[in-house]
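Below is one structure, written out as structure tokens; the observations come after it.
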Amino acid sequence: MATTTAALPDALGHFGPYGGRYVPEILVAPLDQLEAAYRQAQADPAFQAELDDLSQRFAGRPTPLYHAKRLSRHLGGADIYLKREDLLHTGAHKINNCLGQGLLVSRMGKKRIIAETGAGQHGVATAAACALFGFECIVYMGEEDMRRQSPNVFRMRLMGAEVVGVDAGSRTLKDAISEAMRDWVANFETTHYLLGSALGPHPYPMMVRDFHAVIGREARQQFQELTGGLPDILLACVGGGSNSIGLFHRFLGDESVKMVGVEAGGRGQALGDHAARFSGGSPGVLHGTYSYLLQDDDGQIALTHSVSAGLDYATVGPEHSWLHDQGRAEYVSCSDEDAVEAVKLLSRMEGIIPALESAHAVAEAVRRAPAAKGQKFLVNLSGRGDKDIGIFRETLPDLG
Ligand SMILES: *Cc1c(COP(=O)(O)O)cnc(C)c1O
């Protein structure tokens, strides 16, 4: 099973029953064109060499693998290691995907890029890549998210991006994606849609995963060099699913390695209070792909909530749905409150302030560690917490 899982998706973009392409007819040709360009680039050593070079010199790869000794001692059980994607340029793993797609687009000859963003992290990484490659950049963002994440709006504009507010629906990520798709349908001949997670129609879930798989390739080698073996458990937060699948992918064939994805448990278990697609959802179609989805009894997309905007989305990348059904990865959720506690703990124990998204994975490691003496946990620290300082101030008022 392990090797066949690693070889997915099939030629039509399916991971078992999940994935595929649920798009208007007009987008089939541009998706085919994108897939062909991607497969050609993937097989071209010159493309890989240029991407490796940019990843090093522009983004700061390889990121360190760090043994969190004080945190591990404090918990008194498992040894916890952190993959430091938070140290990358623009503050999170997202730049891996933006450099990959940016380089691909420079080969395809398109000059206009559109993207969607929730918290603004993908928008900032996209704006940086567009400045680097000299592309026109338009970022769709829900007006509610623009208000909550105004420093990121400013960063994008500083790097030359046009940020377009979306005043529809809940005025958040789901609405921004719908708007970006509408733009793409109208302008695909000149425009590339730089999708920000391992989501959407084929080939995006495969391509975005491949651009992030460097996380797991590096981490696996670093872990062996540092400890002489492999980790027992991988832990990563799951929004759309890109940082987690990037960590997991290289380990899929290592049967001794368990994988745990952590979703947003939000403020409660009622529909609308969380973004835990695996415990609270069922398969359905949103934004071009078939995957686990939070929906009501009539199939209407449910509202979601999380303290971390990056995990606050109604569906999840299709490969995770497959890994879930196969039992190859386990999916759990972590509440807003526990994520904020984990931010505090990691900050005090290690001097590392994690992004609220990443703190969901840290919280699950903290929960499991005391009962796991002798085990080694590898946690993907997908981003840094600077962007969340405003939220920390609201949730931790005792710090002033
Ligand atoms: C966007 C984001 C996430 C969630 O996205 P995935 O595609 O699930 O990785 C997680 N962590 C950080 C820091 C982010 O910016």
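Condition check: surrounded by fewer than 24 Cβ atoms within 10 Å (Cβ to Cβ), touching a strand residue (DSSP E or B) at 6+ places or on another chain (Cβ under 7 Å), assigned to a loop (DSSP other than H, G, I, E, B) and of a type outside the set (D, E, K, R). Does residue 229 satisfy that? No, not satisfied. Considering region 103-158, the qualifying helices (runs of 4 or more DSSP H), each wholly inside and each with 2 or more residues that are open to solvent by 10 Å² or more (accessible area, probe 1.4 Å) and over 22 Å from residue 170 (Cα atoms), run over 121-133, 150-158. Of the numbered criteria (1) without any contact (Cβ under 8 Å) to a residue 40 or more places away in the chain; (2) within 29 Å of residue 389 (Cβ to Cβ); (3) part of a strand (DSSP E or B), the one residue 272 fails is (3). Taking residues in region 332-354 that are under 20 Å from residue 267 (Cα atoms), and partners anywhere that are surrounded by fewer than 21 Cβ atoms within 10 Å (Cβ to Cβ) and at pLDDT below 95, the pairs with Cβ atoms closer than 6 Å and at least 6 places apart or on different chains are 340/395.
Does at least one position in region 213-221 carry a residue that is within 21 Å of residue 316 (Cβ to Cβ), within 15 Å of the ligand (Cβ to nearest atom), outside any loop (DSSP other than H, G, I, E, B) and open to solvent by 30 Å² or more (accessible area, probe 1.4 Å)? There is no residue in region 213-221 that is within 21 Å of residue 316 (Cβ to Cβ), within 15 Å of the ligand (Cβ to nearest atom), outside any loop (DSSP other than H, G, I, E, B) and open to solvent by 30 Å² or more (accessible area, probe 1.4 Å).
Within region 272-304, if we keep just the residues that are in contact with a strand residue (DSSP E or B) (Cβ under 9 Å, 6 or more places away or on another chain) and among the polar types (S, T, N, Q), the residue that is surrounded by the fewest Cβ atoms within 10 Å (Cβ to Cβ) turns out to be 282. Considering region 251-268, the residues that are away from the ligand (no atom under 16 Å from the Cβ) and touching a helix residue (DSSP H, G or I) at 6+ places or on another chain (Cβ under 7 Å) include one that is farthest from residue 319 (Cα to Cα), namely 267.
Okay, residues lined up against (1) hydrophobic (A, V, I, L, M, F, W, C); (2) under 17 Å from the mean Cα position of the chain (by Cα); (3) within 15 Å of the ligand (Cβ to nearest atom):
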{"site": "89", "(1), (2), (3)": "no, yes, yes"}
{"site": "100", "(1), (2), (3)": "no, yes, yes"}
{"site": "110", "(1), (2), (3)": "no, no, no"}
{"site": "135", "(1), (2), (3)": "yes, no, no"}
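Among all positions in region 71-83, there is at least one residue which is within 16 Å of the ligand (Cβ to nearest atom), over 20 Å from residue 188 (Cα atoms) and basic (Lys, Arg). Every condition in (1) more than 13 Å from the ligand (Cβ to nearest atom); (2) in contact with a Gly (Cβ under 9 Å, 6 or more places away or on another chain); (3) more than 30 Å from residue 30 (Cα to Cα) holds for residue 351 except the one numbered (2). Filtering region 179-216 to residues that are touching a Gly at 6+ places or on another chain (Cβ under 6 Å) and among the hydrophobic types (A, V, I, L, M, F, W, C) leaves 198, 199, 211, 213, 215. Filtering region 353-371 to residues that are more than 20 Å from the chain's Cα centre (by Cα) and open to solvent by 10 Å² or more (accessible area, probe 1.4 Å) leaves 366, 367, 368, 370, 371.
Looking only at residues in region 313-327 that are open to solvent by 30 Å² or more (accessible area, probe 1.4 Å) and farther than 12 Å from residue 238 by Cβ, the one that is nearest to the ligand (Cβ to nearest atom) is 322. The listed residues are 30, 9, 62, 24, and the only one of them that is open to solvent by 60 Å² or more (accessible area, probe 1.4 Å), under 28 Å from residue 289 (Cα atoms) and in contact with a helix residue (DSSP H, G or I) (Cβ under 9 Å, 6 or more places away or on another chain) turns out to be 24.
The values are calculated or read from the model by the stated rules, or taken from the named source; none is laboratory data. Predicted, not measured: the structure shown is a model, and the values here were computed from it. Positions of Cβ are backbone-derived with ideal geometry, glycine not excepted, and every protein chain shown enters the neighbour counts. We work out accessible area using only protein heavy atoms, side chains counted, and drop any ligands, DNA or RNA first. Shrake-Rupley method; radii C 1.70, N 1.55, O 1.52, S 1.80 Å.
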